[in-house]
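J.: Mind looking over this structure? Questions follow.
The values are calculated or read from the model by the stated rules, or taken from the named source; none is laboratory data. Because the structure is a prediction, the values reported are computed rather than measured. We place every Cβ from the backbone using ideal geometry, glycine too, and count neighbours over all the protein chains shown. These area figures cover heavy atoms from the full protein model, side chains too; ligands, DNA and RNA do not enter into them. Shrake-Rupley method; radii C 1.70, N 1.55, O 1.52, S 1.80 Å.
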Amino acid sequence: MSETTRRDFFLQSTGALASAAVTQGQTQSANPKKTVGIQIGAVSFADEGVDPVLDNLQSKASVNTLFIAAFTYGRGIAGRQVPGQPLPDHGKQEYDTSTFHGGSYAALHSQYYADTPLKNLRAPDLGSFDVFEQVLPASRKRGMKNIAWFEDVFRPDIPGIQQLQERDLHGRNRSTLCLNNPGYRNFLLALVEDYSRSWDLDGIMWGSERQGAFANALGSHHGGRTGDPGRVTCFCDFCKKKAAGEGIRVERAQSGFLELEKFVRAARSGKRPVDGYYVELWRLMLTYPELLAWENLWHDSLRETYQAIYKKIKSIKPDMGVGWHIWHNNSFSPVYRAEQDLQRIAPYSDFLKIVMYHDCAGERMASYINSVSKTQYEDVPPNELLQFHYRILGYGDEGTYDRIPHTGFSSDYVLRETKRARAGLAGAKTLLLPGIDIDIPTAADHSKSTPKGTEDAVLAAFHGGPDGVILSRKYSEMKLTNLAGAGTAIRQLRLS
Ligand SMILES: [Zn+2]
């Protein structure tokens, strides 16, 4: 692909115009440059062969952009199907329980890693199979674009990793890495420099599905019910020093989080404060404003990391697109949504993948409600709390607390979220790419992706005026029949 084509693709800022054509039904003039992306791990190419996979992606869903999970220690984007879930209608018919390790699925070059203790993180899973070497020439020949996609998920047994790990409220190591630790920051910059210089990529996308200590202590995310409020992060020396430098009283922050830990433990055991849970939390926030300052410090550090990665890549190849995966918690927690200030991150975001996974949203929203209804909102019955969240997050009625795990969210949620994000990015050149879920695992009796549901979600996304979509979270767990549902929508929109 020529440099010009790549620049056209990633620096186009005509999303609003192009989407207006779709919205008004002028599909005959639909913009062929809309991104139809898919997240895919190296294991799929290794298992099924590069060309057969690309054939499937193009014939079933008119995919024109690969988001290749190149570096992670997480099975969520790099493994095969999750054990316990039905195997899809393609790929190796087995789980990778004992063989999954993670790391970089493309060759790494040691000269870039001088300033970090993390070295030689090549994934051993697939032997000498190099996903960039194998896939990039083949996909480029077909006119497809290639984005390296990676996330900040690590395993605890990597040599040298302990010194980069976050420290919790009580000083214990966690498995997550600290964004303020120069050894980790330098690793991220080394990896993107290595990928940018070593391969002919069209872009890089990074994602961090994490938040600060205040939100985590309150279990303010799906799956948060079992979180330990004493294990919140980060209280390492780098973070303390940074906080002190910004005028945050570190001792007061620690005292506040110890009180918050007590509050959460008492709430979960049903010990109601005299003035109720919600009032008591406000009293804590007023007494210890450092609680919010510490939360914000974590997100400032994330934004600084975005900026540093962006600057590094642009200093090497200005035409490469640089963007971020925004966690699904953005759809559930108003606190997390407040922390995703799109205008603020737009100047260093060529594109944003904002997760709008409609099918698993029901299960996940219920899980979030279940968690926060045992901390600050314990005086509110879960279904009333859910209805409150629909109002403040701008959703229609997606159903009751008991029902939504079984029904998922509707395509109307995808439409509303796309419109909201588009409006949030007003005036910015950042491309908006909603993340659409296909067969993301849910519990056995919960809602599952269907061809029609997928088709409706993709149509709804495009009616909200984005610059494309990213089918998520990985090809290896998607049924081809459901992937074809996305294809039906793409063809209806004449985007293929
Ligand atoms: Zn730290």
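J.: Cβ-Cβ below 6 Å, separation at least six or inter-chain, first residue in the stretch 143-169 and under 30 Å from L54 (Cα atoms) and among the acidic types (D, E), second within 16 Å of the ligand (Cβ to nearest atom) and at pLDDT 95 or above: which pairs?
T.: D152/S208
J.: Please go through (1) farther than 24 Å from V153 by Cβ; (2) away from the ligand (no atom under 16 Å from the Cβ); (3) open to solvent by less than 40 Å² (accessible area, probe 1.4 Å); (4) in contact (Cβ under 8 Å) with a residue 40 or more places away in the chain for E290 and return the number of the only condition it doesn't satisfy.
T.: (2)
J.: Filter the stretch 376-394 for residues that are over 22 Å from the mean Cα position of the chain (by Cα) and part of a loop (DSSP other than H, G, I, E, B) and give the result.
T.: Q376, Y377, E378, D379, V380, P381
J.: Which numbered condition in (1) within 16 Å of the ligand (Cβ to nearest atom); (2) within 24 Å of S367 (Cα to Cα); (3) among the charged types (D, E, K, R) is the only one that K241 fails?
T.: Only one criterion is unmet by K241, namely (2).
J.: What are the residue pairs meeting all of these: first residue in the stretch 69-84, first residue within 20 Å of T176 (Cα to Cα), second residue open to solvent by less than 20 Å² (accessible area, probe 1.4 Å) and at pLDDT below 95, Cβ atoms under 6 Å, and 6 or more apart or on different chains?
T.: From the stretch 69-84, the pairs are G79/D96.
J.: Give all pairs with beta carbons closer than 6 Å in which a residue from the stretch 232-247 that is closer than 26 Å to K262 by Cβ and touching a residue at least 24 places away in the same chain (Cβ under 8 Å) meets a residue that is near the ligand (Cβ under 7 Å from one of its atoms) and open to solvent by 60 Å² or more (accessible area, probe 1.4 Å); count only pairs at least 6 apart in sequence or on separate chains.
T.: F235/R167; C236/R167
J.: Which residue pairs have Cβ atoms under 6 Å apart, sit 6 or more places apart or on different chains, and have a first residue in the stretch 341-363 that is within 19 Å of P466 (Cβ to Cβ) and a second that is modelled with pLDDT of 95 or more and open to solvent by 20 Å² or more (accessible area, probe 1.4 Å)?
T.: Once the first residue is within 19 Å of P466 (Cβ to Cβ) and sits in the stretch 341-363, its partners that are modelled with pLDDT of 95 or more and open to solvent by 20 Å² or more (accessible area, probe 1.4 Å) give L342/G424; A346/A428.
J.: Which condition does F332 not pass, out of (1) under 30 Å from T442 (Cβ atoms); (2) open to solvent by 10 Å² or more (accessible area, probe 1.4 Å), if it passes all the others?
T.: (2)
J.: So in the stretch 137-164, with the set limited to residues that are hydrophobic (A, V, I, L, M, F, W, C) and more than 16 Å from the ligand (Cβ to nearest atom), which one is surrounded by the fewest Cβ atoms within 10 Å (Cβ to Cβ)? First the steps, then the outcome.
T.: Let us first name the residues in the stretch 137-164 that are hydrophobic (A, V, I, L, M, F, W, C), namely 138, 144, 147-150, 153-154, 158, 161, 164.
If we keep only those that are more than 16 Å from the ligand (Cβ to nearest atom) too, we end up with 138, 144, 147-150, 153, 158.
Numbers: A138: 15, M144: 22, I147: 25, A148: 28, W149: 28, F150: 25, V153: 21, I158: 18.
Residue satisfying both the conditions and the ranking: A138.
J.: Determine, yes or no, whether F214 is farther than 16 Å from N180 by Cα, crowded, with 16+ Cβ neighbours inside 10 Å and within 16 Å of the ligand (Cβ to nearest atom).
T.: Values: farther than 16 Å from N180 by Cα: yes; crowded, with 16+ Cβ neighbours inside 10 Å: yes; within 16 Å of the ligand (Cβ to nearest atom): yes.
When the stated conditions are applied, F214 passes them.
J.: Sticking with this one: With a cut-off of at least 1 residues that are under 27 Å from K429 (Cβ atoms) and not charged (D, E, K, R), name the helices (runs of 4 or more DSSP H) lying wholly within the stretch 262-342.
T.: In the stretch 262-342, 290-316, 334-339 are the helices (runs of 4 or more DSSP H) which contain 1 or more residues that are under 27 Å from K429 (Cβ atoms) and not charged (D, E, K, R).
J.: Among the residues of the stretch 58-80, count how many are crowded, with 24+ Cβ neighbours inside 10 Å, assigned to a helix (DSSP H, G or I) and out of contact with any strand residue (DSSP E or B) (no Cβ under 6 Å at 6 or more places or on another chain).
T.: Qualifying residue count for the region: 1.
J.: Another question, if that's okay. For the stretch 97-106, does any single residue satisfy the condition of being buried (at least 19 other Cβ atoms within 10 Å of the Cβ), part of a helix (DSSP H, G or I) and of a type in the set (S, T, Y)?
T.: No, the conditions are met nowhere in the stretch 97-106.
J.: Given the conditions (1) within 27 Å of V372 (Cα to Cα); (2) buried (at least 21 other Cβ atoms within 10 Å of the Cβ); (3) within 14 Å of the ligand (Cβ to nearest atom), report the number of the one that V250 does not fulfil.
T.: So V250 meets the others, but not (2).
J.: Also, I was wondering about something else. What residue, of R185, R167, is open to solvent by 10 Å² or more (accessible area, probe 1.4 Å), at pLDDT 95 or above and more than 21 Å from Y112 (Cβ to Cβ)?
T.: Result of the check over R185, R167: R167.
J.: Hey, can you tell me all the residues within the stretch 395-429 that are over 19 Å from T454 (Cα atoms), open to solvent by 40 Å² or more (accessible area, probe 1.4 Å) and part of a loop (DSSP other than H, G, I, E, B)?
T.: D397, T400, Y401, D402, R403, A426, G427, K429
J.: Let me ask something additional. Considering the stretch 223-238 alone, what residues qualify as being open to solvent by 40 Å² or more (accessible area, probe 1.4 Å) and either aliphatic (A, V, I, L, M) or away from the ligand (no atom under 16 Å from the Cβ) (or both)? Lay out the reasoning, then the answer.
T.: From the stretch 223-238, those open to solvent by 40 Å² or more (accessible area, probe 1.4 Å) are 223, 225-226, 228, 231, 237-238; that's our starting set.
The answer is G223, R225, T226, D228.
J.: For the condition small (G, A, S) and surrounded by fewer than 21 Cβ atoms within 10 Å (Cβ to Cβ), what is the one hit in A486, A443?
T.: It is A443.
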